[in-house]
Amino acid sequence: MTALSLIGLNLLVVGLVVLGLWLLSLRLNDVSFVDAFWPVGFGVVAWTTYLAADVEHGRATLLLGFASLWALRLGIYLLSRWLSEPHEDKRYQAMRRNRPYFRWQSIYVVFGLQGALIVMVGVPVIFGIANAQAPLGWLDAMGVVFFTAGFMCESLADSQLAAFKRDKDNEGTVMDKGLWAWSRHPNYFGNTLIWWGLFLIAASDTANLWTVVGPVVMTWLILKISGVALLEGGLHQSRPGYDAYVARTSAFIPLPPRK
């Protein structure tokens, strides 16, 4: 398939899925579960491309396996978190208050936007699978190292945070144990490593170098839009002691705590 047809196919498949999810949100009057679709969407993209391109190559299998593993792990984690919450996420509650027609607008301001970003960020997976030709080499090895380190970092950080939240004695306090003592957002750091790792694997076929747009957009979203920047603003106000935590802890890259 041509590059344009691959993008079009993935936009169509992801679009149909997000349309179904939007209809479900109307019934539930809750859009928070869309967060769990964010990683799952990349699994959808990987499998759509793999089946459509019909490429038998170790790199294609590697990218499919890694994307599926990450989608399954993070998707289950985020879905279980949504199921444990009695109310819609505060971010979406604020959007409902500020948009009188949010119920209908959410098709594009939440679901459609997320679907488009999934395809954009997922271009290393799409073209890494579809264009897999060159023999596995040192860039693939580097990509495996990046992905593995990121996956372990994100998984451990999520596990530590979940355990912290389950302890009622920690309510309203700052999580500063384990990886969270070295970084204020170790889960996001791990996520970033994952996507740079997937790009390195895809870039082993030099025709895919342009897909660097995927990890660049993901890193920008995490640092400036929906990740670090969004959380930091609210935590300064809602968590006593957060300013002291900021003073001693790296914002993103894990580093030994400052004294």
### Query
Does SER80 satisfy the condition of being in contact (Cβ under 8 Å) with a residue 40 or more places away in the chain, over 27 Å from LEU6 (Cβ atoms) and among the small types (Gly, Ala, Ser)?
no
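Results for (1) among the aromatic types (Phe, Trp, Tyr); (2) open to solvent by 30 Å² or more (accessible area, probe 1.4 Å); (3) part of a helix (DSSP H, G or I), shown as yes or no for each residue.
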site	(1), (2), (3)
LEU4	no, yes, yes
GLY8	no, yes, yes
SER32	no, no, no
LEU62	no, yes, yes
ALA67	no, no, yes
### Summary
Output for Cβ contacts, cut-off 7 Å, separation at least six or different chains, first residue free of Cβ contacts under 8 Å to residues at least 40 places away in the same chain in the stretch 105-128, second open to solvent by 30 Å² or more (accessible area, probe 1.4 Å), reads GLN105/ARG99
### Message
Of everything in the stretch 157-210, what is surrounded by fewer than 21 Cβ atoms within 10 Å (Cβ to Cβ), out of contact with any Leu (no Cβ under 8 Å at 6 or more places or on another chain), polar (S, T, N, Q) and modelled with pLDDT of 95 or more? Give them in sequence order.
### Response
SER159
### Task
For the stretch 133-151, enumerate the residues that are hydrophobic (A, V, I, L, M, F, W, C) and open to solvent by 10 Å² or more (accessible area, probe 1.4 Å).
ALA134, LEU136, TRP138, LEU139, ALA141, MET142, VAL144, VAL145, PHE146, ALA149, PHE151
#### Entry: Number of the condition not met by GLU154 [criteria: (1) acidic (Asp, Glu); (2) over 24 Å from ALA247 (Cβ atoms); (3) open to solvent by 70 Å² or more (accessible area, probe 1.4 Å)]
(3)
### Query
Restricting to the stretch 93-103, what's the tally of residues that are of a type in the set (A, V, I, L, M, F, W, C) and either surrounded by 14 or more Cβ atoms within 10 Å (Cβ to Cβ) or at pLDDT 95 or above (or both)?
2
### Any chance SER204 is among the polar types (S, T, N, Q) and under 30 Å from GLY137 (Cβ atoms)
yes
### Query
If you check every pair at least six apart or on different chains, which have Cβ atoms under 6 Å apart with a residue in the stretch 156-181 that is of a type in the set (D, E, K, R) first and a residue that is open to solvent by 30 Å² or more (accessible area, probe 1.4 Å) second?
ASP158/TYR77
### Query
Do we have VAL55 as open to solvent by less than 70 Å² (accessible area, probe 1.4 Å) and in contact with a Lys or Arg (Cβ under 9 Å, 6 or more places away or on another chain) here?
no
### Message
Being in contact with a Gly (Cβ under 9 Å, 6 or more places away or on another chain) and closer than 21 Å to ASN191 by Cβ is the filter here; which residues of the stretch 129-145 pass it?
### Response
ASP140, MET142, GLY143, VAL144, VAL145
### Inter-residue pairs, beta-carbon under 6 Å, first modelled with pLDDT of 95 or more and of a type in the set (Phe, Trp, Tyr) and in the stretch 13-32, second in a helix (DSSP H, G or I) and open to solvent by less than 40 Å² (accessible area, probe 1.4 Å), 6+ apart
TRP22/PHE111
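The values are calculated or read from the model by the stated rules, or taken from the named source; none is laboratory data. If you're wondering where the values come from, they're calculated on a predicted model, not measured in any experiment. Quick reminder, even Gly has a Cβ in these numbers, built from the backbone with ideal geometry, and neighbours come from all protein chains shown. In case anyone asks, the SASA skips ligands and DNA or RNA and just uses the protein heavy atoms, side chains included. Shrake-Rupley method; radii C 1.70, N 1.55, O 1.52, S 1.80 Å.
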